[in-house]
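Q: Quick one: the structure is below, and I'll ask about it shortly.
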Amino acid sequence: MERIKGYIDQGIREGARLIAGGNIRPDMGGFFVEPTCFVDVTNDMTIAREEIFGPVLAVIAYEDENDAVRIANDSEYGLSGGIASGDTDRAIRLAARFRSGTVSINGARCVDGDLPFGGYKASGLGRAWGIEGLEDYTMTKVVAYRVAG
């Protein structure tokens, strides 16, 4: 909770505009942070560069789809990405250009036990789940023998 709040405070200090949330909610009986949304975010800000793993959304404006892909890929991380579009074929073409382990188009679920899960770059090595993940836990052995007699 304190780590997430630190990112929120850093976003404000760096000039992002908070439009929703941003508060700790001790009244909820736990360690909760309100869902938080920033706009006027640039890709050099901490909230755009770090994997926060909390309810913090950083909205970054882009000029065209090439700029959007450049921004999405300008990260040392690559766990997951998302595209919202009325043109599914275009979104699929864009998803192929993302350097991330998963890409969700229009809110589709891309995390499931039957699908491989893992990131690119500093977001992971290898895959969990799915056939690819099971193979990571498999130790293959070859035993060769001749039948006696």
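The values are calculated or read from the model by the stated rules, or taken from the named source; none is laboratory data. Computed from a predicted structure; not experimentally measured. Because the Cβ atoms are built from the backbone with ideal geometry, glycine has one as well, and the counts that use them run over all protein chains shown.
Q: Can you tell me which residue is surrounded by the most Cβ atoms within 10 Å (Cβ to Cβ) among those in region 1-24 that are under 14 Å from residue 53 (Cα atoms), within 20 Å of the chain's Cα centre (by Cα) and not hydrophobic (A, V, I, L, M, F, W, C)?
A: Pass one, region 1-24, residues under 14 Å from residue 53 (Cα atoms): 1-8.
Among the residues that remain, those that are also within 20 Å of the chain's Cα centre (by Cα) are: 1, 3-8.
Remaining after also requiring not hydrophobic (A, V, I, L, M, F, W, C): 3, 5-7.
Values: 3: 10, 5: 16, 6: 12, 7: 19.
Only one residue fits best here, namely 7.
Q: Would you please list the contacts, defined by Cβ atoms under 6 Å and residues six or more apart or on different chains, that run from a residue in region 78-107 that is more than 17 Å from residue 60 (Cβ to Cβ) to a residue that is hydrophobic (A, V, I, L, M, F, W, C) and assigned to a helix (DSSP H, G or I)?
A: 105/91
Q: Sort out which residues of region 49-68 are modelled with pLDDT of 95 or more and surrounded by 18 or more Cβ atoms within 10 Å (Cβ to Cβ), and write them in order of number.
A: Selection gives 56, 58, 60.
Q: Test residue 30 against the stated conditions and say whether it is crowded, with 16+ Cβ neighbours inside 10 Å and not hydrophobic (A, V, I, L, M, F, W, C). Let's see the steps before the verdict.
A: Working: crowded, with 16+ Cβ neighbours inside 10 Å: no; not hydrophobic (A, V, I, L, M, F, W, C): yes.
Against the criterion (crowded, with 16+ Cβ neighbours inside 10 Å and not hydrophobic (A, V, I, L, M, F, W, C)), residue 30 does not qualify.
Q: Residues in region 74-94: is at least one surrounded by fewer than 18 Cβ atoms within 10 Å (Cβ to Cβ), farther than 28 Å from residue 132 by Cα and polar (S, T, N, Q)?
A: yes
Q: Additional query: Any idea how many residues of region 109-122 are surrounded by 12 or more Cβ atoms within 10 Å (Cβ to Cβ) and either over 15 Å from residue 51 (Cα atoms) or at pLDDT 90 or above (or both)? Don't jump to the end; show me each part of the working.
A: First, pick out the residues of region 109-122 that are surrounded by 12 or more Cβ atoms within 10 Å (Cβ to Cβ): 110, 115-122.
From the residues that got through so far, the ones that are either over 15 Å from residue 51 (Cα atoms) or at pLDDT 90 or above (or both) too are 110, 115-117.
Selection size over region 109-122: 4.
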